Amino acid sequence: MGMIFGSLIFVLAAVLAVLAVTDAQKSRLLQQEMKRMDKQISKMQKSSESMEKELEELKKETEKRALEAAEGDTAEAGQNGETKEDSLSAEAGKNARDADDTAALSAAEPRSNGRKVAIDPGHQGPGADTGGTEPLGPGSEEMKDKFASGTQGVYTGVPEYELTLAVSKQLQTELQSRGYEVIMTREDNDTAVSNVERAQIATENGARILVRIHADGSEDNSANGAMTMIPSAENPYVGQLHEESSRLGENIINAYCRATGIRNNGVRLYDNMTGINWSTVPVTILEMGFMTNQSDDEKMQDPDMQKNMVQGIADGIDAYFSP
């Protein structure tokens, strides 16, 4: 009995020892697990802190970019505003310049006076086809050469056809500046235009008068001065134009001689001029001076004198149309 009890006590002690060992191991294991978990928690805390730091930096970066974007939008808006203002300013400037140009153009372009005149520079150059004849007047059986060669400056050597075109072009410009519409029967020296055709050009274009520009010549080199030529009242072709042609010729020769100082030889009657006889409107031929006279010839080639010549003719045309 005592022996059995002793054995039991031994077994119980052994069991307690085993349990003690087991509890110690469990305690060590538990302590190890707790240390591992502490490390993991510490690691996670560090990771969390790192993430928070990264999140904070990301937040700051986002705010920075947002701020920069806002500043960029503001700058762009400002630039667009300036560009728009510049554009509006430029457009306003352009409109102002256009208005100035229009005003300048209007000032440069004289107001039309509603009058159309035909200017006929006499003759043509030697290169033009100048053959053939034509009737002296409508229905006439008498024929005359279509073209006449004209005279030449004995002292200057300038042919009449060059002088008449030079003066006529200047006259065209002057008349246009006074509001006239000008019809030119020729604008170069190489185009052949017959005497009949010259009158027809004036008619077909609705001219109210025909002013023919010529220069005179004579075997007597002392002959000088200017005159106008018109049809007589007895002219069988254009007698009805005599009165108005006379008034036209008189106004032109008087104004021309006043402006130039060239001798006034008055208004002469001529019924043998094809260019007059085919006219349907008041017509006159201005013989500006004698190219065979040294004084007249040299005067008519002087640029300043030509300006006076042109002014005189234009003044005469103005006087004809004055009420």
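Remarks
- Ranked packing of 278-284, 304-310, 254-260, 154-160, most packed first, by mean Cβ within 10 Å: 278-284, 254-260, 304-310, 154-160
- When the Cα positions of 170, 205, 158 are compared along the charge dipole of the stretch 158-229, 205 comes out farthest toward the positive end, with charges on each C-beta of Lys, Arg, Asp and Glu.
- Multiplying the residue separation of residue 280 and residue 156 by 0.36 nm and removing their Cα-Cα distance gives an extension gain of 41.0 nm.
- Overall, the stretch 170-323 carries a charge dipole of about 380 debye about its Cα centre when +1 sits on the Cβ of Lys and Arg and -1 on the Cβ of Asp and Glu, all other atoms neutral.
- Note on the stretch 227-270: dipole from Cβ charges, positive end direction compared against 252, 232, 264; the farthest Cα belongs to 264.
- Averaging Cα coordinates gives a centre for the stretch 245-294 and one for the stretch 113-182; these two points are 13 Å apart.
- Ranked 147, 321, 290, criterion: other C-beta atoms within 10 Å, fewest first: 321, 147, 290
- Each of 212, 178 was scored by other Cβ atoms within 10 Å of its Cβ. Listed from fewest to most, they are 178, 212.
- For the stretch 219-270, the equivalent ellipsoid derived from the Cα gyration tensor has semi-axes of 24, 15, 5 Å, listed largest first.
- In sequence order, the stretch 141-155 has phi-based couplings of 8, 7, 10, 10, 4, 5, 10, 10, 6, x, 9, 8, x, 5, 9 Hz under the Karplus curve 6.51 cos²θ - 1.76 cosθ + 1.60, θ = phi - 60°, and Gly or Pro positions carry x.
- Whole-Hz couplings from phi, Karplus 6.51/-1.76/1.60, listed for the stretch 261-277; x for Gly and Pro: x, 6, 4, 8, 9, x, 9, 10, 8, 9, 10, 10, 9, 4, x, 7, 5
- Modelled label positions at residue 234 and residue 272, each set 7 Å beyond Cα in the direction of Cβ, lie 1.5 nm from each other.
- A Förster radius of 35 Å combined with the Cβ-Cβ distance from residue 304 to residue 143 puts the calculated FRET efficiency at roughly 0.25.
- Neighbour-count order for 271, 296, fewest beta carbons within 10 angstrom listed first: 271, 296
- A straight chain from residue 190 to residue 53 at 0.36 nm per residue would run longer than the Cα-Cα distance by 39.5 nm.
- Per-q log10 I(q)/I(0), the stretch 148-257, q = 0.10, 0.19, 0.23, 0.24 Å⁻¹ (Debye; single scatterer per alpha-carbon; no solvent): -0.34, -1.31, -1.60, -1.60
- Dipole magnitude for the stretch 115-191: computed about the Cα centre from +1 point charges on Lys and Arg Cβ and -1 point charges on Asp and Glu Cβ, it is near 360 debye.
- Averaged over residues, the count of other Cβ atoms within 10 Å places the peptides 234-240, 182-188, 194-200 in the sequence 194-200, 182-188, 234-240, highest first.
- Kirkwood hydrodynamic radius of the stretch 246-323, Cα pairs, Å: 13.3
- Above-threshold pairs, the threshold being 26 Å between Cα atoms, out of 169/299; 144/307; 116/307; 116/169: 144/307
Readers should treat all values here as calculations from the given coordinates under stated rules, not as data from a laboratory. Quick caveat: nothing in here was measured; it's all calculated off a predicted structure. Every residue, glycine among them, receives a Cβ derived from its backbone with ideal geometry; neighbour counts consider all protein chains shown.
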